[in-house]
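I have placed the structure first, in the form of structure tokens, so that the comments after it can refer back to it.
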Amino acid sequence: MSELMEETSKRRTYAIISHPDAGKTTLTEKLLLYGGAIRLAGSVKARKAQKHAVSDWMEIEKQRGISVTSSVLQFDYNGYRINILDTPGHQDFSEDTYRTLMAADSAVMLIDVAKGVEEQTKKLFYVCKQRGIPVFTFVNKLDRYGKNPFDLMEEIENVLGIRAYPMNWPIGVDGSYQGVYNRKLAQIELFESSGSHGSKAMAAKAGDVHDPEFKAILGEAVHHSLCEDIELLDMAGDQFDLDKVKAGELTPMFFGSAMTNFGVQSFLEEFLQLAPEPAPRMSSRGKIDPKNEGFSAFVFKIQANMNPAHRDRLAFIRICSGRFKRGMEVLHVQSGKPIKLAQPQQFLAQERAIIDEAFPGDIVGLFDPGIFGIGDTLCELGQDFTFQDFPVFPPEQFARVQAKDTMKRKQFLKGMTQLTQEGAVQVFRQPDSAVEAFIIGTIGSLQFEVLEYRLKNEYGVTILMDRLPFGVARWLVGEEADIKAIKSMDSGMLVQDIKDRPVALVSNEWSLNWIVERNPNIKFLTVPEDSRSI
């Protein structure tokens with residue numbers, strides 16, 4: 001039992017959230033760099049050399065330079081076992097991001113120093129707040145011109161409704177920064193420049209803020225400005241309170257630049273000390289303590305074809321309690337069947353290692369023969385409970401999809417089935433359609449492109465895609481006769497989801513209200529009755 005408690009207390013499992021292009025994947029790489037997991041960061045692309053981010057394993061990510069799927073990265077640093085969940089920043093993939101946040105114990109919120117709090121950041125922060133997980137802020141791109149640090153603090157407090165406590169402070173004026181001042185250690189950390197464009201770990205000089213040598217290095221004006229800022233923060237700023245951080249009422253704020261390594265290592269070290277260890281999880285039996293000896297976990301992500309050569313399918317589980325052992329037999333609660341967990345893997349993106357054991361907070365990949373679904377619960381034999389359900393997103397864009405070559409029907413159906421189980425898209429069918437076609441629902445249009453790309457590259461199927469003029473989906477509840485005789489659906493479409501539940505697709509909210517008024521015996525739900533909405 002003492003080993004379980006000790007191993008659990010070492011775990012730090014967190015997600016990195018931000019608006020697109022705030023530098024999330026770059027920060028992830030630099031954390032791995034300082035952790036010794038990689039020797040050269042790839043997202044900086046080493047000028048003309050074709051290097052890509054370690055966490056962006058999918059070919060389309062490498063081509064576009066964006067993350068379109070969550071990655072799991074694990075490494076050890078200073079006695080901690082770190083599980084980073086790198087999420088897509090693009091709003092079209094918000095479903096994947098939200099599901100990943102279900103597996104995290106804390107979040108690092110990345111903010112662009114020039115742009116401040118952006119739209120997608122607000123949405124993701126709101127989910128963290130709903131889940132009650134602590135948020136740590138990293139203000140990135142300090143190597144470029146940006147907003148005044150005090151203005152950024154005020155923006156975080158006004159827009160997100162959370163107080164900010166700067167753990168360090170940028171040194172310099174007008175966007176020309178030379179380093180950061182560490183408030184806890186009361187020292188200046190200057191970063192040496194080199195020709196590596198931020199791809200290697202930098203040595204930092206450190207010393208007291210009043211050191212005459214630093215006054216000489218910084219210059220009179222910059223040094224005086226820094227001393228004034230620190231005095232103002234100490235007198236008028238919030239006091240640091242770890243309980244408020246854990247309650248989500250205060251965010252520790254770090255300044256730095258992932259690209260040039262400003263403040264990255266000091267952020268990592270401070271974050272690991274402050275971030276929470278694995279927390280209890282709510283289940284149908286109440287809270288499950290991570291230090292409970294009984295094994296339990298839930299599936300938060302399914303990914304097909306991570307290794308194209310093997311056409312494998314992996315289910316990612318978050319361990320919630322007890323010790324995981326390779327080859328152990330557990331209950332898959334949703335099917336009611338015992339299953340053996342063979343060949344469990346841990347990840348550094350595409351690089352994998354078979355593991356023998358893991359502990360609460362760890363993320364483990366399991367080979368999935370097609371039995372797992374997102375949100376499924378695994379627990380030791382003899383137990384029977386389920387973890388809290390994942391929220392469901394009502395789709396907002398729709399298209400009809402079919403295989404261009406009817407000879408590729410089998411591959412098309414397999415691809416559509418697997419990508420639906422991943423949660424990449426939502427699939428509907430027209431009950432009376434004679435053609436083997438699906439109606440696809442997504443949050444954003446980029447998901448259509450990824451679907452088309454993956455079907456072609458992973459399943460060898462070229463598709464025909466026709467966008468449909470619908471923007472609203474509603475699940476219908478009522479008598480079957482009423483649903484079949486639904487009125488005023490001339491401009492809409494009646495379809496069924498993968499569980500054969502009736503769904504109405506209409507163009508907009510005005511059209512929906514018109515239909516609702518004329519069908520008083522039918523309930524129109526944003527998500528199925530047994531699901532929670534976002």
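The values are calculated or read from the model by the stated rules, or taken from the named source; none is laboratory data. Remember, predicted model here, so these are calculated numbers, not experimental data. Virtual Cβ from ideal backbone geometry, glycine too; neighbours counted across all protein chains shown. All accessible areas refer to the heavy atoms of the entire protein, side chains included, with ligands and DNA or RNA removed. Shrake-Rupley method; radii C 1.70, N 1.55, O 1.52, S 1.80 Å.
Give a residue-ordered list of calculated ³J(HN,Hα) values for region 464-479 (Karplus: 6.51 cos²θ - 1.76 cosθ + 1.60, θ = phi - 60°; whole Hz; x for Gly, Pro).
Working through the residues one at a time gives 9, 10, 10, 5, 10, x, 10, x, 9, 10, 9, 7, 9, 10, x, 5 Hz.
Taking loop as defined by DSSP and a crowding limit of 15 other beta carbons within 10 Å, which GluC sites (Glu not before Pro) in region 454-501 fit?
Counting only loop positions with at most 15 other Cβ atoms within 10 Å, the GluC sites (Glu not before Pro) in region 454-501 are GLU479.
Once you list every other residue whose beta carbon is under 14 Å from the beta carbon of LYS244, what net charge do they have if Lys and Arg are +1 and Asp and Glu are -1?
My count for the surroundings of LYS244 gives -2.
For SER283, what charge total do you get from the other residues with a beta carbon under 12 Å from its beta carbon, if Lys and Arg give +1 and Asp and Glu give -1?
0
Out of region 118-160, which chymotrypsin sites (Phe, Trp or Tyr not before Pro) are coil in DSSP terms and have no more than 14 other C-beta atoms within 10 Å?
Sites meeting the loop and neighbour criteria: TYR145.
In square angstrom, what is the accessible area per residue of region 378-520 with a 1.4 angstrom probe?
Spelled out: the 1.4 Å probe surface of region 378-520, per residue, equals 51 Å².
Starting from the Cα gyration tensor of region 335-422, take the square roots of the eigenvalues, sort them a ≥ b ≥ c, and report rounded, prolate or oblate (rounded when a/c is under 1.5, otherwise prolate if a/b is larger than b/c, else oblate).
Prolate.
Please compute the net charge surrounding MET465, taking Lys and Arg as +1 and Asp and Glu as -1 over other residues with Cβ under 12 Å from its Cβ.
+1
Of the listed peptides 237-250, 461-474, what is their order by residue-averaged count of other C-beta atoms within 10 Å, with the highest listed first?
461-474, 237-250
Along the Cα→Cβ direction, 7 angstrom out, place labels at ALA216 and LEU272. What is the inter-label distance in nm?
Result for the modelled spin labels: 3.5 nm.
Karplus couplings for region 443-459 from phi (6.51 cos²θ - 1.76 cosθ + 1.60, θ = phi - 60°), rounded to Hz, Gly and Pro as x?
7, x, 5, 5, 5, 4, 5, 5, 4, 4, 5, 5, 4, 6, 8, 9, 10
For ILE463, list long-range residues whose amide hydrogen, built 1.01 Å from N in the peptide plane, is under 5 Å from its own amide hydrogen.
LYS404
Could you work out how much longer the chain between ASN508 and ALA186 gets when fully extended? Use 0.36 nm per residue separation minus the Cα distance between them, nm to one decimal.
Roughly 110.2 nm would be gained on extension.
Grab the Cα-Cα distance for VAL435 and SER491, subtract it from 0.36 nm times how many residues apart they are, and report the gain in nm with one decimal.
Here the answer is 18.1 nm.
Measuring from label point to label point, each 7 Å out along Cα→Cβ, what is the ARG285 to SER225 span in nm?
5.9
Give me the percent of accessible area attributable to carbon and sulfur for region 431-480, probe 1.4 angstrom.
Carbon-and-sulfur percentage of accessible area, whole number: 48.
Show me, for region 73-78, the HN-Hα J-couplings you get by feeding each phi into the Karplus relation (A = 6.51, B = -1.76, C = 1.60, θ = phi - 60°), rounded to Hz, glycine and proline as x.
So the Karplus estimates, Gly and Pro as x, are 10, 10, 7, 9, 7, 6 Hz.
Between ALA114 and residues 5 or more places away or on another chain, which pairs have amide H atoms under 5 Å apart, with H built 1.01 Å from N, and which residues are they?
Those qualifying (amide H under 5 Å, at least 5 residues apart or on another chain) are LYS147.
For labels at GLU3 and GLN383 in the simple 7 Å Cα→Cβ model, what's the distance in nm?
Label-label distance for GLU3 and GLN383, simple model: 1.9 nm.
Tell me which residues come under 5 Å, amide H to amide H, from LEU468 once H is placed; ignore anything under 5 positions away on its chain.
For LEU468, whose amide H was placed from the backbone, the distant partners under 5 Å are PHE398, ALA399, ARG400.
State the extension gain, in nm to one decimal, for the chain segment bounded by THR406 and LEU242, taking 0.36 nm per residue of separation less the distance between their alpha-carbons.
This chain segment gains 53.0 nm when fully extended.
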